[in-house]
1. In the range 42-51, which residues are surrounded by 23 or more Cβ atoms within 10 Å (Cβ to Cβ) and either in contact with a helix residue (DSSP H, G or I) (Cβ under 9 Å, 6 or more places away or on another chain) or acidic (Asp, Glu) (or both)?
2. Among all residue pairs at least 6 apart or on different chains, which show Cβ distances below 7 Å where the first residue, located in the range 129-153, is loosely packed, with under 12 Cβ neighbours inside 10 Å and the second is at pLDDT 95 or above and not in a helix (DSSP H, G or I)?
3. One residue is enough: does the range 91-98 have a residue meeting the conditions touching a Leu at 6+ places or on another chain (Cβ under 9 Å) and modelled with pLDDT of 95 or more?
4. Look at residue 148 and say whether it is among the basic types (Lys, Arg), under 19 Å from residue 53 (Cα atoms) and part of a helix (DSSP H, G or I).
5. So how many residues does the range 58-101 have that are of a type in the set (Asp, Glu) and loosely packed, with under 15 Cβ neighbours inside 10 Å?
6. Could you check how many residues of the range 32-70 are in contact (Cβ under 8 Å) with a residue 60 or more places away in the chain, of a type outside the set (Lys, Arg), closer than 21 Å to residue 86 by Cβ and in contact with a strand residue (DSSP E or B) (Cβ under 6 Å, 6 or more places away or on another chain)?
7. So which residues in the range 60-81 are in contact with a Ser or Thr (Cβ under 7 Å, 6 or more places away or on another chain) and of a type outside the set (Phe, Trp, Tyr)?
Amino acid sequence: MAYWLFKSEPASFSIDDLAARPGQTEPWDGVRNFQARNFMRAMAPGDLAFFYHSSCSVPGIVGEVGICRAAYPDFTAWDPANHHHDPRASASNPIWSMVDVVLRARYPRPVTLAQLKACPALSGMRLLARGNRLSVLPVTEEEWHTIRALAHR
């Protein structure tokens, strides 16, 4: 099993939006960075991920999701009507991938970015690296357990 973190702006797609989906499941589409795409291609059903709200008044981890479908072509890339359209992509040359996620838990309060930064055990976390703007990141098992402990305090 591997651990991950997904960032989303809550104005675009929030954990509440995921909770409202049928089966609380949704494809994680629209990733248009090759490194983030490669991380998604490494995911397997059963992997776990944090759901992180970014670009909002209180950024932070707001819950957990599980990977319930391995990477497959992100068809939104070849749909000209979709805001994630990439004219280089097509059904025969998909370029981009997505995974399906299912809601596992909503936290009663976010584990804020400030809390993450203040925790010495998380000093090496990729999310906290200067200039890191990836929307999909790996999380170590130690980071996973540390953050879950912060969430359940």
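1. Within the range 42-51, 50, 51 qualify.
2. Between residues of the range 129-153 that are loosely packed, with under 12 Cβ neighbours inside 10 Å and residues that are at pLDDT 95 or above and not in a helix (DSSP H, G or I), the close pairs are 141/3.
3. no
4. Judged against the criteria, residue 148 is a match.
5. The total comes to 1.
6. 3
7. Of everything in the range 60-81, those that are in contact with a Ser or Thr (Cβ under 7 Å, 6 or more places away or on another chain) and of a type outside the set (Phe, Trp, Tyr) turn out to be 60, 68, 71, 73, 74.
The values are calculated or read from the model by the stated rules, or taken from the named source; none is laboratory data. Since we're looking at a predicted model, the values are computed, not measured. Quick reminder, even Gly has a Cβ in these numbers, built from the backbone with ideal geometry, and neighbours come from all protein chains shown.
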